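Structure, as structure tokens:
Read-outs throughout are calculated quantities, based only on the coordinates presented, and are distinct from any laboratory measurement. Quantities reported herein were computed from a predicted structural model and do not represent experimental measurements. Note that each Cβ is placed from the backbone with ideal geometry, even for glycine, and that neighbours are counted across all protein chains shown.
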Amino acid sequence: GAVPQRPWWAGDLERVVDVRDVLEGRVSPTGRVLVVDELGFHQATSVAELLADRGCVVEVCTPGMVVGQDLGITLDLETWNVKADAKGIRQTTDVVPMPAAPGVVVTLQHHPTGTDLTRSVDWVVCAVQQRADDDLWRQLRDAPFPVHRVGDCLAPRRAHAAVVEGHRVAVSL
């Protein structure tokens, strides 16, 4: 599997959390929430909708040209944009977070121009790359039977990669 990885720019601020923390109920952000979408898929858009439905003022930012850019693959991008507009979710594109400051002040650098945008929020929810959790593989790699890594324990990505790798391993056996 994969586990959340704290982004470099978050420092030790307690109110910078992973989407899993919100979706699994460990934290319940309120007020102004900045959702950082570095994955371009359902993680950021789903948590943004959830928080907006709970009454939060939500902005989703991304280094990409479109928030949730890979939703186009599943034909969900248009639906997301309609729902985001109806829920008042603000979308900011082409920005990269810089080191956050206490009080949760986040500087977003507009990478095409180098211009800085400042956001003062109550919470930041991150949909960012995770790190591989290969602890089980490490425990079993010297077992008297073959053990193969596939999917997130090899490198975090989408489920189809695990299916393809699992098939390859099965065929090789």
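With both residues required to sit in the chain, DSSP beta bridges show an antiparallel share near 45%. When the helices of the chain are scored as -39500 (n - 2.57) per DSSP H run of n ≥ 4 and the total is divided over every residue, the value at 222 nm lands at -8000 deg cm²/dmol.
According to the calculation over all Cα-Cα pairs in the chain, the P(r) per 10 Å bin from zero is 10, 33, 31, 16, 8, 1 %. Highest average first, the peptides 69-79, 6-16 ordered by how many other beta carbon atoms sit within 10 Å of their residues are 6-16, 69-79. Distance between the modelled labels on LEU140 and ALA155, one decimal in nanometres: 2.2 nm (7 Å Cα→Cβ projection). Highest mean first, the peptides 50-59, 84-93, 141-150 sorted by other C-beta atoms within 10 Å per residue fall in the order 50-59, 84-93, 141-150.
With R₀ fixed at 41 Å, the C-beta to C-beta distance from MET98 to ALA170 puts the FRET efficiency at about 0.35.
Annotation for segment 1-36 versus segment 95-173: alpha-carbon center distance of 14 Å.
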